[in-house]
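> One structure, as structure tokens, below. Some questions next.
The values are calculated or read from the model by the stated rules, or taken from the named source; none is laboratory data. Remember, predicted model here, so these are calculated numbers, not experimental data. A quick note on method: Cβ atoms are made from the backbone with ideal geometry, for glycine too, and the neighbour counts reach across all protein chains shown. Heads up: the accessible areas ignore ligands, DNA and RNA and are worked out on the full protein's heavy atoms, side chains in. Shrake-Rupley method; radii C 1.70, N 1.55, O 1.52, S 1.80 Å.
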Amino acid sequence: MAEQLIIAGKRQDAAEGATFSVTEPATGKPLADVAKASAVDVDLALAAAHAAFADGRGTWARTNATQRGRVLHRVAELLREREDLFATTEARGAGHPMGDARWEVGAAAGTFEYYAGAANKHFGQVVPVQDAGLDVVLREPVGPVALIVPWNFPLLIACWKLAPALACGNPVILKPASLTPLTALLLGDLLVDAGIPEDQVYVLPGPGGVIGDALVADHRTAKISFTGETTTGASILKSSADHIARVSLELGGKSAAVVFADADVAAAAADTPMAVFGNAGQDCCARSRILVERPVYDEFLEHFTATTKAIRLGDPLDDATEMGPMISAAQRQTSLDYLGIGTGEGARVVTGGEVPDREGFYLTPAVVADVGNDMRIAREEIFGPVASVIPFDGEEEAIRISNDSDYGLSGSLWTGNATRAIRVAKSLRTGTLSVNTNRSVRFEAPFGGYKKSGLGRELGMGAMDAYTEVKNVFFSE
Ligand code: NDP
């Protein structure tokens, strides 16, 4: 029987009875059948969510913030209790190695704990105005929110959106990627089990071009939080323009790791491979451009290549695996195509880029040397295990090349010189930067992109602003 979708907290078939098949990336074989929502289901969900919100007079919006926080704590507890189920489902459905998948469940629970604590610490102000009276700024839930997520981190990205949206008192309509709907449906059940009122919870799997578009274009959708490709983000802005929806976009990236000659080169070369090959390179923050200062270029390349060759590619369910399959044959083919384009432009594949003789969508991690920043492999998001290693001469050129990109999501600096780190960090046009490490995202801190990498920020206390409206009330004396 097909996995049912969730409307007002209840599992049910799609209104038109359609289903679609989900494939397991490690085998290339069918994993599950899932209800395929249509515009009819979107209409049912929005009608119910709109009624449940009742212009801010619904039960969840009116539940006091401390109590909402308690329920969010329970969500986190249940996620930890169900770690095996969620991690195994993510490993099979998205191809994540079990070690990563377990970490992601912990990080998802941590996100809910953070916003459980935030719920009653986000409040308005009293403004000292000139007129006689009292001027108060209120923060109110925005209304039904459409949370549209991609396939690369299906559980974690859903939780980055669900936790603050629920903490602020909004009904949530989660639209998972068609390639990876399974953990989203488990999450919908879990929210209800934890005590979120049923009429606040909706999970709609189905084609983005149909139901995603219907969701964002509908005036009952008060706010859209989207993570995915830049072109889809642009289409969402257009579709939602007529009803002036509140929109946050987390989009693509082409992030640079910059390694200066004064850095601990061995440490940088040991750490950086998983910053581009983690999740088989399907990571918006992947350091897919690695800029290395010329005097240490060969030394770095040698260490980096050796570390890359040692990455254990394998079955996601095997605890020893460090890199699993790609999400689909099409995604793998994109990487292979870019490798061909890169060599055609004069770059040199040092290792990897091979399809192993096994079932599933595997590709060995590819190190490409002697890349110029004007080549397509350095400019376009590949979203696969392809690292372009680019030489540079001096600080000014490092800054120029780093910033010479349509994107500005993430990045790293490796240097032993603290004042250089400050100088360069201030010069880079990117939303998230790590110095002498490659880890990008911390749920306590804002995350998002400059330029074509996004609009607005997720995570941190700022996300509470993104899921609320500001109301100014003046009481005359
Ligand atoms: P897509 O933009 O193709 O899809 C993302 C989501 O949007 C899916 O749920 C998809 O549904 C849905 N969708 C597709 N078309 C529409 C539409 N017209 N209206 C509304 N929703 C729609 O991205 P991918 O899933 O391919 O994800 C990869 C991209 O995500 C990469 O570019 C990556 O950089 C980016 N990303 C950005 C992150 C960030 O935080 N900045 C983090 C992670 C990824 P369906 O699956 O049914 O097509």
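> At 10 °C and 1.306 mPa s, what whole-number value in µm²/s does Stokes-Einstein give for the translational diffusion of segment 16-119, with Rh from the Kirkwood sum over Cα pairs? All intermediate terms of the calculation are to be shown ahead of the outcome.
Values: Rh = 16.5 Å.
Using the Kirkwood radius from Cα pairs, D works out to 96 µm²/s.
> Hey, what does the equivalent ellipsoid look like for the chain, semi-axes from the Cα gyration tensor as sqrt of 5 times each eigenvalue, largest first, whole Å?
39, 28, 19
> First measure r as the distance between the Cβ atoms of Thr437 and Arg400, then evaluate 1/(1 + (r/R0)^6) with R0 = 30 Å and state the FRET efficiency to the nearest 0.05.
Efficiency, from the Cβ-Cβ distance: 0.80.
> Compute the distance in nm between two label points, each set 7 Å from the Cα along the Cα-to-Cβ direction, one at Glu345 and one at Phe20.
Modelled inter-label distance: 3.1 nm.
> Right, something else. Apply the Karplus curve 6.51 cos²θ - 1.76 cosθ + 1.60, θ = phi - 60°, to the phi angles in segment 348-362 and return the couplings in whole Hz, x for Gly and Pro.
Values, residue by residue: 10, 7, 7, 7, x, x, 10, 8, x, 7, 7, 6, x, 9, 7 Hz.
> Shifting gears a bit: When ranked by the protection proxy of mean other Cβ atoms within 10 Å per residue, highest first, what sequence do the peptides 52-61, 104-113 form? Let's see the in-between values first.
Working: 52-61: 16.9, 104-113: 22.5.
So the order, starting with the most tightly packed, is 104-113, 52-61.
> Take every DSSP beta bridge with both residues inside segment 256-443 and express the antiparallel ones as a percent of the total, to the nearest 5. Numbers along the way, then the final one.
Numbers: 3 of 22 bridges.
About 15 percent, rounded to the nearest 5.
> By how many degrees, 0 to 90 and rounded to 10, does the Cα axis of helix 394-403 deviate from the longest principal axis of the chain?
Compared with the principal axis, the helix lies near 40 degrees.
> For Arg57 and Glu354 in the same chain, what is the full-extension length gain: residue separation times 0.36 nm, less their Cα-Cα distance, in nm?
Between Arg57 and Glu354, full extension yields 101.2 nm more.
> Okay, next question. Over segment 155-264, with every protein chain in place, what whole percent of the accessible area is carbon and sulfur at 1.4 Å, could you tell me?
The value for segment 155-264 is 57 percent carbon and sulfur by accessible area.
> Okay, moving on. How far is it, in nm, from the label point at Ala445 to the one at Ala2 when both lie 7 Å from their Cα along the line to the Cβ?
Those two pseudo-labels are separated by 4.4 nm.
> Report, in deg cm²/dmol and to the nearest 500, the calculated mean residue ellipticity at 222 nm for the chain, where each DSSP H run with n ≥ 4 adds -39500 (n - 2.57) and the sum is divided by the residue count. Write down the numbers at each step before the final one.
Values: 16 runs with 182 residues, N = 477.
Calculated at 222 nm, the ellipticity per residue is -11500 deg cm²/dmol.
> How much accessible surface area, in Å² rounded to 10, belongs to the heavy atoms of Lys452 with a 1.4 Å probe?
For Lys452, the solvent-accessible surface is approximately 110 Å².
> Distance cut-off 18 Å, Cα to Cα: go down the list Lys254/Lys452; Lys223/Lys471; Lys426/Lys451; Lys161/Lys471; Lys238/Lys452; Lys223/Lys452 and report the pairs above it.
In this structure, Lys161/Lys471; Lys223/Lys452 lie more than 18 Å apart at Cα.
> Ignoring ligands and nucleic acids, what accessible area does Trp103 show with a 1.4 Å probe (Å², nearest 10)?
Answer for Trp103: close to 140 Å² accessible.
> Among 341-351, 125-135, what's the highest-first ranking by average C-beta atoms within 10 angstrom per residue? Can you show the working numbers first?
Numbers: 341-351: 15.8, 125-135: 9.9.
By packing density, highest mean first, the sequence is 341-351, 125-135.
> Going from most exposed to least, what order do Thr232, Thr305 have by accessible area with a 1.4 Å probe?
Working: Thr232 55, Thr305 15 Å².
Reading off the accessible areas and sorting them downward yields Thr232, Thr305.
> Each residue of segment 81-89 in order: what ³J(HN,Hα) in whole Hz does its phi give by Karplus 6.51 cos²θ - 1.76 cosθ + 1.60, θ = phi - 60°, with x for Gly and Pro?
Once θ is set to phi - 60°, the couplings for segment 81-89 become 5, 9, 3, 4, 4, 5, 5, 5, 5 Hz.
> Multiply the residue separation of Val470 and Ala266 by 0.36 nm, subtract the distance between their alpha-carbon atoms, and state the gained length in nm to one decimal. Mind dumping the intermediate values first?
Values: separation 204, 0.36 × 204 = 73.44 nm, distance 4.97 nm.
So the extension gain works out to 68.5 nm.
> Hey, can you grab everything whose amide H is under 5 Å from the amide H of Ala8? Only 5+ residues off in sequence or another chain; H modelled, so Pro and N-termini drop out.
Residues meeting the criterion, in which the H sits 1.01 Å from N, are Val201.
> Can I ask one more? Rounded to the nearest 10 degrees, what's the angle between the helix 418-427 long axis and the longest principal axis of the chain, both from Cα atoms, 0 to 90?
Between the helix axis and the principal axis of the chain, the angle is about 60 degrees.
> Would you calculate the separation in nanometres between label points at Glu81 and Glu477, each defined as 7 Å from the Cα along the Cα-to-beta-carbon direction?
5.5 nm
> In degrees between 0 and 90, to the nearest 10, how far off the longest principal axis of the chain does helix 329-344 point, with axes built from Cα atoms?
Compared with the principal axis, the helix lies near 40 degrees.
> Which far-off residues, 5 or more places away or on another chain, put their amide H under 5 Å from the one on Val247, with H placed in the peptide plane?
Here Ile224 satisfy the definition.
> I would also like to ask the following. Express in nm, to one decimal, how much length is gained between Thr27 and Arg429 on full extension, taking 0.36 nm for each residue of separation and deducting their alpha carbon distance.
140.7 nm
> On a 1.4 Å probe surface of the protein chains, which of Val389, Val210 comes out largest in accessible area, and what is the full order? Could the numbers behind the result be given before it?
Working: Val389 0, Val210 75 Å².
Highest to lowest solvent-accessible surface, that is Val210, Val389.
> Follow-up question, since we're still on this one. Whole number please: convex hull volume per residue of the Cα set in segment 256-443, in Å³? If you can, show how the numbers build up before the last one.
Working: hull volume 21.6 nm³, N = 188.
So the per-residue Cα hull volume is 115 Å³.
> All other residues with a Cβ under 11 Å from the Cβ of Ile341 taken together, and with Lys, Arg as +1 and Asp, Glu as -1, what is their net charge?
Counting the neighbours of Ile341, the net charge comes to -1.
> Here is a follow-up. To the nearest 0.05, how large is the calculated FRET efficiency for Glu198 and Gln130 if R₀ is 45 Å and r is the Cβ-Cβ distance?
0.40
> Write down the accessible area per residue of segment 256-443 in Å², having rolled a 1.4 Å probe over the full set of protein chains. If you can, show how the numbers build up before the last one.
Values: 7330 Å² over 188 residues.
Computed with neighbouring chains in place, this is 39 Å² per residue.
> Just to confirm a number: summing +1 for Lys and Arg and -1 for Asp and Glu over residues other than Glu395 whose beta-carbon lies under 11 angstrom from that of Glu395, what do you get?
-2
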